[in-house]
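The structure appears right after this line, and notes come after that.
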Amino acid sequence: MVFKGIKTRVKNLLSRSASQDSDLNGPAVITRDNHPVSRKLISNNALKVLYRLESAGFQAYLVGGCIRDVLLDHKPKDFDIATNAHPEQIHKLFRNSRLIGRRFKLVHVHFGREIIEVATFRAGHQSEQKSNKSATNDSGMLVRDNVYGTVEEDASRRDFTANALYYSISDFSIHDYGQGMKDIQAKTLRMIGDPRVRYQEDPVRMLRAVRFAAKLGFSIEEKTKEPIADMASLLANIPSARLFDEVLKLFQSGHAENSFNLLREHGLFKFLFPETDELLNQDDDGYIERLIQATCRNTDIRIKSNKPVTPIFLFASFLWPKVVQHWQEQKQFMPPIPALTKASHLALDSQVKATAIPRRFSTAIKEIWDLQTRLERRNGRKAYQLAEHPRFRAAYDFVLLREQAGEDLKGLGTWWTDFQNSDDHLKQKMVSRANNQDRNKRSSGKNRNGQSRNRKPRKPKTDT
Ligand code: ATP
Ligand code: MG
C-alpha cells in the first residue's frame with residue numbers, strides 16, 4: 001500500500017498545529033481525515049483489544065513502532081497498546097491473556113500466534129523519583145521504574161518523538177506529544193527530553209538510535225547524536241543478556257549492513273564485539289571489514305527473501321578473525337585441530353563478557369569453525385560424511401563468505417558447490433581426484449595442512 005498524499009496531509013496538519021510542536025505539554029491532535037492510518041492497516045486482534053478496553057470504560061491507544069511504521073508505509077512487526085487500565089484489570093477483561101514481567105507488569109493477549117502487548121501508562125522519570133518508586137544508580141541509570149501515570153507522562157518516557165504517537169480508538173485520531181509527525185516526515189530521529197539524561201537513564205537508547213536510523217533510513221538529529229561518542233562507554237554497564245537481544249535486533253531485522261556501518265561510525269560496535277572492533281582498527285587490507293559486510297549483506301538478503309536466519313552464522317563470522325589470530329598462536333604449542341578448539345574457546349570466553357551467547361548457539365558456532373578445516377579433507381568417505389553433517393550448510397556458506405571477502409582457499413568453495421551439484425558418478429571422480437592430491441602431498445613430505453611431517457625415525461633393525 002502506498003500512502004500517496006501522506007506528505008501533503010501531514011504538511012497541512014503541521015501548518016495547523018505549528019504552535020504545538022515544540023513541547024510535551026499537550027498533544028497535537030491529528031484527526032482521522034488528516035492522517036492515513038486506516039483500521040484496514042491495523043491487526044484485527046489489536047482492534048478487538050482496543051474496543052474491549054474502551055467499552056469497559058478505559059482509555060486505549062495504539063502506540064510506538066506500529067503507528068510510526070504505518071505512517072512510513074512499512075508493515076508493523078507488532079502492535080502495542082497503552083491504556084490507563086491496570087494489569088489486573090486488563091487480565092480480567094481477556095481470558096486469553098497472561099500477566100508478564102516482574103519489574104513492570106504487562107499483559108500479553110494471545111490470539112493464536114499473534115500476541116498483542118498491553119501496557120499501563122507509565123509515569124515519566126521525574127514524577128517517578130518524586131514518588132520514590134523509581135530509582136537511579138550512581139551513574140544515573142534507571143534501575144527501577146514502576147509507577148503508573150497519565151498518557152502525557154507515558155509519552156514523555158518514550159525514547160524518540162517518532163515512537164511517541166498515540167492512535168486513539170475513540171475517534172481514530174493520532175495524539176502527537178513531541179512533534180513526531182513532523183520528524184517522521186523529515187525522516188529525523190529526535191530524542192524526547194535531554195538526550196544526555198535519557199542516555200544516562202538507559203544507555204541502550206544509543207543502540208536504539210542507530211537501529212532506527214538504519215532501519216528507517218532516518219538521520220539522527222544533532223543534539224540526539226552529539227553525546228553518543230562520549231557516552232558510549234555506559235554500555236559496558238548493561239547486562240550481557242540484554243546486549244545479546246539488541247545484537248539480534250540490530251543484525252537480524254533486514255538492516256544489518258546499515259546497522260554495522262552506523263555502529264562503527266558512532267563508536268558503539270566496540271561495546272558489542274570488543275575484540276572484533278580492535279582487529280577492525282588494525283585491518284590494513286580490509287579483509288575483516290569485507291567479511292563482516294558480506295555477512296551482513298547475506299543476512300539482509302535472506303530476510304528479504306523470507307529465509308530463516310540464525311545468530312549462529314552471524315557470531316561465527318564476526319568472531320572468526322579473532323579465532324584465526326588465536327589459532328595461529330596456539331599452533332605453536334599444539335597440533336592444528338586442538339589448537340583450533342582452544343582458539344574457539346578463547347574467542348567465545350572473551351565475547352560473552354560483552355554479549356551473552358546462549359549455549360545452544362555457542363556449541364553450533366564452534367562446529368562451524370571446526371568444519372572450516374574439516375571441509376578441506378575430502379578424501380575417502382570424508383566428503384560424503386561431511387555433506388551429511390547437520391552444520392554442513394552453514395559451514396559451507398561460511399567458506400563462500402570467506403572467499404567472497406578475498407581469502408584464497410584454493411577453490412574450496414567451488415569444489416563443494418560442484419560436489420553438491422554432481423551425480424554419484426561425478427562425486428566419486430571428484431573424491432578420487434582429492435585422494436590423489438592427498439597422496440601427492442603426502443609423498444612430497446607434507447601433511448594435509450601443508451606442513452612438514454615429523455615422522456618418528458624408524459628404529460634400526462637389531463639382530464637377535
Ligand atoms: P520495532 O519495530 O523494532 O519493534 P518499536 O518502536 O516498536 O520498534 P520496541 O522495542 O518494540 O520498538 O518498543 C516499543 C515502544 O516502547 C517504542 O516505540 C518506544 O516508544 C518504547 N520504548 C522501548 N524501549 C524503550 C527505551 N529503552 N526507552 C524509552 N522508550 C522505549
Ligand atoms: Mg515493537
Task: All strands (runs of 3 or more DSSP E) inside the stretch 46-110 with 3 or more residues being aliphatic (A, V, I, L, M) - done: 60-63
Open item on the list: When you scan the stretch 324-340, do you find a residue that is under 19 Å from E407 (Cβ atoms) and aromatic (F, W, Y), even just one?
Closed with: yes
- [ ] Answer yes or no as to whether L409 is closer than 30 Å to K270 by Cβ, within 31 Å of the chain's Cα centre (by Cα) and not in a helix (DSSP H, G or I).
- [x] yes
TODO: Could you tell me which numbered condition L248 fails, if it satisfies all but one of (1) surrounded by fewer than 18 Cβ atoms within 10 Å (Cβ to Cβ); (2) touching a Ser or Thr at 6+ places or on another chain (Cβ under 9 Å)?
DONE: (2)
Task: Selection count, the stretch 332-364, where residues are surrounded by 14 or more Cβ atoms within 10 Å (Cβ to Cβ) and within 16 Å of R374 (Cβ to Cβ) - done: 7
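One line per residue, one yes/no per condition, for (1) closer than 26 Å to E275 by Cβ; (2) of a type outside the set (S, T, N, Q); (3) assigned to a helix (DSSP H, G or I); (4) at pLDDT 95 or above:
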| residue | (1), (2), (3), (4) |
| --- | --- |
| T355 | yes, no, no, yes |
| K366 | yes, yes, yes, yes |
| Y384 | no, yes, yes, no |
| V431 | no, yes, yes, no |
- [ ] Please indicate, with yes or no, whether at least one residue in the stretch 101-119 is at pLDDT below 95, touching a helix residue (DSSP H, G or I) at 6+ places or on another chain (Cβ under 9 Å) and surrounded by fewer than 14 Cβ atoms within 10 Å (Cβ to Cβ).
- [x] yes
Open item on the list: Given the options M206, M181, name the one that is within 28 Å of V37 (Cα to Cα), buried (at least 20 other Cβ atoms within 10 Å of the Cβ) and of a type outside the set (S, T, N, Q).
Closed with: M181
Open item on the list: Quick check on my filter: what residues within the stretch 418-427 are free of Cβ contacts under 8 Å to residues at least 12 places away in the same chain and either surrounded by 13 or more Cβ atoms within 10 Å (Cβ to Cβ) or among the aromatic types (F, W, Y) (or both)?
Closed with: S422
Task: Count - residues of the stretch 31-48 that are surrounded by 19 or more Cβ atoms within 10 Å (Cβ to Cβ) and either within 16 Å of ligand 1 (Cβ to nearest atom) or of a type in the set (K, R) (or both) - done: 3
- [ ] Name the residue, out of K249, K182, that is in a helix (DSSP H, G or I) and within 16 Å of ligand 2 (Cβ to nearest atom).
- [x] K249
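The values are calculated or read from the model by the stated rules, or taken from the named source; none is laboratory data. Note that the structure is a prediction, hence the values are computed from the model and not measured. Methodologically, a virtual Cβ is constructed for each residue, glycine included, from the backbone with ideal geometry; neighbour enumeration extends over all protein chains shown.
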